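A.B. asks: Handing you this structure, nothing more for now.
Bear in mind these aren't lab numbers, they're just calculated from the coordinates by the rules spelled out. Since this is a predicted model, take the numbers as computed values, not measurements. Here the Cβ positions follow ideal geometry from the backbone for every residue, glycine too, while neighbour counts run over all protein chains shown.
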Amino acid sequence: MSTSAETTIMEAAPGIDAPLTARDLDRMIPGVLDGLNILAGGANVILQLGWPGVGHGVAESRVESGSLLKHPFKRTRTTLTYLAVATMGTAAEKRAYAGAVNRVHARVHSTDQSPVRYSAMDPELQLWVAACLYYGFVDSLTKFRKAPAPEVAADFYRRAEGLGTMLQVRPGLWPADLEAYRAYWAQGLARVAIDGTVRRYLNDLAELRFLPKPLAFLFGRFNRFVTTGFLPPELRAAMGFDWDAGRERRFLRLTRRLGTVNGLMPRVLRQAPYLYVLWDFRRRLRKGLPLV
């Protein structure tokens, strides 16, 4: 891990309270770490890749082991682990996982043939990715349950700075408060530009074409519907996804019903994906196994 990345985490630590457990987070914002929220994952990937530097960085990546289309389950585990460590990990655990991720990110950069210049170590691009991850937490929570109270939202936002500072986003780059974040988010959406190469990649993702054909046939149409529902209008337009008032009503009915049923489940079942990846990460860290 680079010294600058390690310093970022160490500098960020004093301004952040001690890590919360999964139980603490669920008491603070019920449902924020529920596995059900993974249904919004495809939309969040499209959001992140809406910036050309991120989109081409992923679509052109030569790091095959991290490819979502070629290794969907491994990539999903990596992303969930990142979210779990960023929200519940200690400073030492964040340093360890950031080091592992940085070793992969250092290999992701543009070539002479790339239509845009990019590097996975670029703080500006990483800030956008972190902002999308935060948006995903709050948007899925709002659609499956309800929006958090203003004071709770402000506290969670402050803690969410670790989504960026765990990697290249140095303290001070993360928007200072929710008002500043909303301004940054609006500016970020205005920068979305998805070309044919990235759009084809994201269409394959939305329709689950990376899964075996029987699974893609059974679930691809549903996943595209849910993914489109979770996208802001700007991204639906950029992707060319059809949407109307009728689809919006069906989507909101679906998310409310799923959220109601999910809310009746015991917390450990609701949070099972995050609890598992955090346990697995700590086991790997303890045994000196690869973390990514």
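A.B. asks: Give the cross-link partners of Lys143 among the lysines, using a straight C-alpha distance below 22 Å as the criterion and excluding same-chain residues fewer than 8 apart.
C.D. replies: Lys143 reaches no qualifying lysines.
A.B. asks: How do Met239, Met166 rank when sorted from fewest to most other Cβ atoms within 10 Å of their own Cβ?
C.D. replies: Ranking Met239, Met166 by Cβ neighbours within 10 Å, fewest first, gives Met239, Met166.
A.B. asks: What are the ³J(HN,Hα) couplings of segment 35-52, residue after residue, when phi is run through the Karplus curve with 6.51, -1.76, 1.60 and θ = phi - 60°? Round to Hz, x for glycine and proline.
C.D. replies: Using θ = phi - 60°, the values come out as x, 4, 5, 4, 4, 8, x, x, 5, 5, 4, 4, 4, 4, 7, x, 7, x Hz.
A.B. asks: Express in nm, to one decimal, how much length is gained between Arg62 and Arg282 on full extension, taking 0.36 nm for each residue of separation and deducting their alpha carbon distance.
C.D. replies: Extending this stretch completely gives an extra 76.4 nm.
A.B. asks: Which order, highest average first, do 19-31, 38-50 follow once you tally other Cβ atoms within 10 Å for each residue and take the mean per peptide?
C.D. replies: 38-50, 19-31
A.B. asks: Identify which of Asp204, Asp177, Asp34 has the largest mean-square fluctuation in a Gaussian network model of the chain, with springs joining Cα atoms closer than 10 Å.
C.D. replies: Asp177
A.B. asks: As an exercise, use a Förster radius of 25 Å and the Cβ-Cβ distance of Arg117 and Ala190 to find the FRET efficiency, rounded to the nearest 0.05.
C.D. replies: FRET efficiency, Arg117 to Ala190: 0.80.
A.B. asks: Per-residue HN-Hα couplings for segment 249-265, Karplus 6.51 cos²θ - 1.76 cosθ + 1.60 at θ = phi - 60°, whole Hz, x for Gly and Pro?
C.D. replies: These are the phi-based 3J(HN,Hα) values: 5, 5, 5, 5, 4, 4, 5, 5, 5, 4, x, 5, 5, 4, x, 7, 7 Hz.
A.B. asks: Going highest first, how would you order 113-124, 73-84 by mean Cβ packing within 10 Å?
C.D. replies: So the order, starting with the most tightly packed, is 73-84, 113-124.
A.B. asks: What order do you get for 220-232, 180-192 when each peptide is scored by the mean count of other beta carbon atoms within 10 Å, highest first?
C.D. replies: Put in order of decreasing packing, that is 220-232, 180-192.
A.B. asks: Can you give the Rg to Rh ratio of the chain, both from alpha-carbon atoms, with Rh computed by the Kirkwood formula?
C.D. replies: My calculation puts Rg/Rh at 0.93.
A.B. asks: Enumerate the calculated ³J(HN,Hα) couplings along segment 178-185 in order (Karplus 6.51 cos²θ - 1.76 cosθ + 1.60, θ = phi - 60°), each rounded to whole Hz, writing x wherever the residue is Gly or Pro.
C.D. replies: Karplus-based 3J(HN,Hα) across segment 178-185 equals 4, 5, 5, 4, 4, 5, 4, 4 Hz.
A.B. asks: Please give the length that would be gained between Arg27 and Phe219 if that part of the chain were fully extended, namely 0.36 nm times their separation in residues minus their C-alpha to C-alpha distance (nm, one decimal).
C.D. replies: Taking 0.36 nm per residue and subtracting the Cα distance, the gain is 65.8 nm.
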